[in-house]
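J.: Encoded as structure tokens, here's the structure I'll be asking about.
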Amino acid sequence: SANAMWGGRFSAGPDAIMEAINASIGYDQRMARQDIEGSRAHAAMLAATGVITDSDADAIREGLLTVLSEIEKGEFQFSTALEDIHMNVEARLKEIVGEPAGRLHTARSRNDQVATDFKLWVRGQMDAAIEGLTALVRALLSQAEMGADWVMPGFTHLQTAQPVTWGHHMMAYVEMFGRDISRFEDARKRMNECPLGSAALAGTSFPIDRHMTAEALGFDRPTANSLDAVADRDFALEFLSASTLTAMHLSRLAEELVIWSSAQFRFVRMSDKWSTGSSIMPQKRNPDAAELLRAKIGRIMGASVGLMTVMKGLPLAYSKDMQEDKEQVFDAADNLMLGLAAMTGMVSDMEGQRENLEAAAASGFSTATDLADWLVRALNMPFRDAHHVTGSLVAMAEGKGCDLPDLSLEEMQSVHDAITSEVFDVLGVHNSVASRTSYGGTAPSEVRKQIARWTEKLA
Ligand code: ARG
């Protein structure tokens, strides 16, 4: 039989396959709360502007609360024939309150309704992402505080470069996740305009008050163009691209944890809570959570590319293609929140291995740059020459199988006779990091300033 919501001109119902491809209720039921919130605001506005009576609006608003509680209790019977959450809710409302339910859809279409619901849902996820990122930043800050002066090797090309501090390394991620927070905040500001009342695409001839519904739903203002309002999914795409960047940062940190927790590095010990064993190799403590985090970007970025591809060729205004927006965003959001929580847990519970870090910091000629800088400062050598002299000293040490501080003064002087014993002061890793006091540098004093700045920012 024909559809009860829009079947007036139809004499037959849809093919079963048509129903299956058309229905979104299997997933858009996740927006039930937002749908009901939007409908309640719409009904109140319709009464305030005299489009429907107060008693109809009251019946609708009450009835919608009943529907919501049925859904939350898991008692609601979702129907695929009713396609989506919007029509499922309205049909049930009709069973509960009767005739007034049919007045709810005045001056509204599912196009502005779904845009409003989805915006409310995505906005909630932006807030959740900001919250999750803030928790992660706090966990990184406490690691940074604890190890502000622990020395470790800093790498470029994953080859030992110069000594840095554990605190400095943690704070690098604080900067990255801090930018992610600002991206979600920024996207949230831009998207916070209410589509409701744009109706199907052209607006409505009813004397509605879009400012009222916008305010009731926590939006800053109504959208300014009804065609754009029902055709826009930028807000979802911005959520996905901010999520992709966050996932990329999570993945980089995860990769470091995988490397650092290996027997060859032993920079960090992951907590049992975040490790798994092997069914054959009894010694194993695998960093599975970190590995999965490294992989999560695949589906999150996939969602971003997927939705961009859905949208790119659509003429204005709404097309049914846009129904394919939700599953990708839901999946990306779920995995992002899970990833943020897992990373926060791993970072909070991991134990940096201070002694191993310091031993590693001293190997690999990590203070060669300090030596070259000393030649510049103490002997007024041009940096290029100092670089060359230092290179010869590194080659000498490498040939002897020792580190730079293990060379004798005589050996050093055989490369350049003006070198004095003061050079040994700069060859130690602690002196090296302590000397890097330029703004944003790795010196513990600088790192502590950045920790204080972030702590204040989050307070
Ligand atoms: N289920 C639809 C969606 O998710 C709701 C909007 C339907 N609008 C329409 N004109 N058929 O996009």
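The values are calculated or read from the model by the stated rules, or taken from the named source; none is laboratory data. No experiment lies behind these values; they were computed from the predicted model shown. For neighbour counting, all protein chains shown are included, and Cβ atoms are generated from backbone atoms with ideal geometry for every residue, glycine included. Side chains included, ligands, DNA and RNA excluded: accessible areas come from the protein's heavy atoms. Shrake-Rupley method; radii C 1.70, N 1.55, O 1.52, S 1.80 Å.
J.: Pull out all pairs, ordered by first then second residue, where Cβ-Cβ is under 7 Å, the residues are six or more apart or on different chains, the first lies in region 322-336 and is under 13 Å from residue 302 (Cα atoms), and the second is within 12 Å of the ligand (Cβ to nearest atom) and open to solvent by 50 Å² or more (accessible area, probe 1.4 Å).
T.: 330/30
J.: Spot the failing condition for residue 80; the list is (1) farther than 29 Å from residue 21 by Cα; (2) β-branched (Val, Ile, Thr); (3) open to solvent by 40 Å² or more (accessible area, probe 1.4 Å), and only one is missed.
T.: Only one criterion in (1) farther than 29 Å from residue 21 by Cα; (2) β-branched (Val, Ile, Thr); (3) open to solvent by 40 Å² or more (accessible area, probe 1.4 Å) is unmet by residue 80, namely (1).
J.: Another question, then. Going by the conditions given, is residue 211 in contact with a helix residue (DSSP H, G or I) (Cβ under 6 Å, 6 or more places away or on another chain) and part of a helix (DSSP H, G or I)?
T.: Answer is no for this residue.
J.: So, in region 1-13, of the ones that are open to solvent by 70 Å² or more (accessible area, probe 1.4 Å) and within 44 Å of the chain's Cα centre (by Cα), which residue ends up farthest from residue 80 (Cα to Cα)?
T.: That would be 6.
J.: Sort out which residues of region 93-131 are within 26 Å of residue 234 (Cα to Cα) and away from the ligand (no atom under 13 Å from the Cβ), and write them in order of number.
T.: Of the residues in region 93-131, the ones within 26 Å of residue 234 (Cα to Cα) are 105, 107-131.
Passing the criteria: 107, 120, 122, 123, 124, 125, 126, 127, 128, 129, 130, 131.
J.: What is the residue count in region 229-276 for residues that are assigned to a loop (DSSP other than H, G, I, E, B) and open to solvent by 10 Å² or more (accessible area, probe 1.4 Å)?
T.: Going residue by residue through region 229-276, those that are assigned to a loop (DSSP other than H, G, I, E, B) are 232-233, 261-267, 270-271, 275.
Checking the rest, the ones that are also open to solvent by 10 Å² or more (accessible area, probe 1.4 Å) come to 232, 261-266, 271, 275.
Result for region 229-276: 9.
J.: Then there's this: Scan 134, 156 and give me the residue that is more than 16 Å from the ligand (Cβ to nearest atom), without any contact (Cβ under 8 Å) to a residue 24 or more places away in the chain and of a type in the set (Val, Ile, Thr).
T.: Selected residue: 156, the only one of 134, 156 that is more than 16 Å from the ligand (Cβ to nearest atom), without any contact (Cβ under 8 Å) to a residue 24 or more places away in the chain and of a type in the set (Val, Ile, Thr).
J.: Out of region 285-336, which residues are more than 21 Å from residue 119 (Cβ to Cβ) and within 16 Å of the ligand (Cβ to nearest atom)?
T.: Listed by number, the list holds a single entry, 315.
J.: Assess whether residue 297 counts as being open to solvent by 20 Å² or more (accessible area, probe 1.4 Å), part of a helix (DSSP H, G or I) and farther than 14 Å from residue 232 by Cα.
T.: It is true that residue 297 is open to solvent by 20 Å² or more (accessible area, probe 1.4 Å), part of a helix (DSSP H, G or I) and farther than 14 Å from residue 232 by Cα.
J.: Just one of (1) crowded, with 20+ Cβ neighbours inside 10 Å; (2) closer than 30 Å to residue 12 by Cα trips up residue 46, so point out which.
T.: Residue 46 satisfies every listed condition except (2).
J.: Taking into account only those residues within region 83-92 that are within 13 Å of the ligand (Cβ to nearest atom) and either aliphatic (A, V, I, L, M) or in a helix (DSSP H, G or I) (or both), which is most open to solvent (accessible area, probe 1.4 Å)? Even if it seems obvious, please write down each step before you answer.
T.: From region 83-92, those within 13 Å of the ligand (Cβ to nearest atom) are 83-90; that's our starting set.
When the remaining residues are screened for being either aliphatic (A, V, I, L, M) or in a helix (DSSP H, G or I) (or both), the result is 85-90.
Values: 85: 0, 86: 7, 87: 10, 88: 3, 89: 4, 90: 32 Å².
Looking at the filtered set, the residue picked out is 90.
J.: Got at least one residue in region 25-32 being more than 25 Å from residue 195 (Cβ to Cβ), part of a helix (DSSP H, G or I) and either without any contact (Cβ under 8 Å) to a residue 12 or more places away in the chain or open to solvent by 70 Å² or more (accessible area, probe 1.4 Å) (or both)?
T.: no
J.: Does any residue in region 399-425 that is touching a residue at least 12 places away in the same chain (Cβ under 8 Å) come within less than 8 Å, Cβ to Cβ, of a residue that is charged (D, E, K, R) six or more places away or on a different chain, and which pairs are these?
T.: 407/400
J.: How many of the residues in region 175-207 are closer than 13 Å to residue 127 by Cα and either buried (at least 18 other Cβ atoms within 10 Å of the Cβ) or within 16 Å of the ligand (Cβ to nearest atom) (or both)?
T.: Total meeting the criteria: 7.
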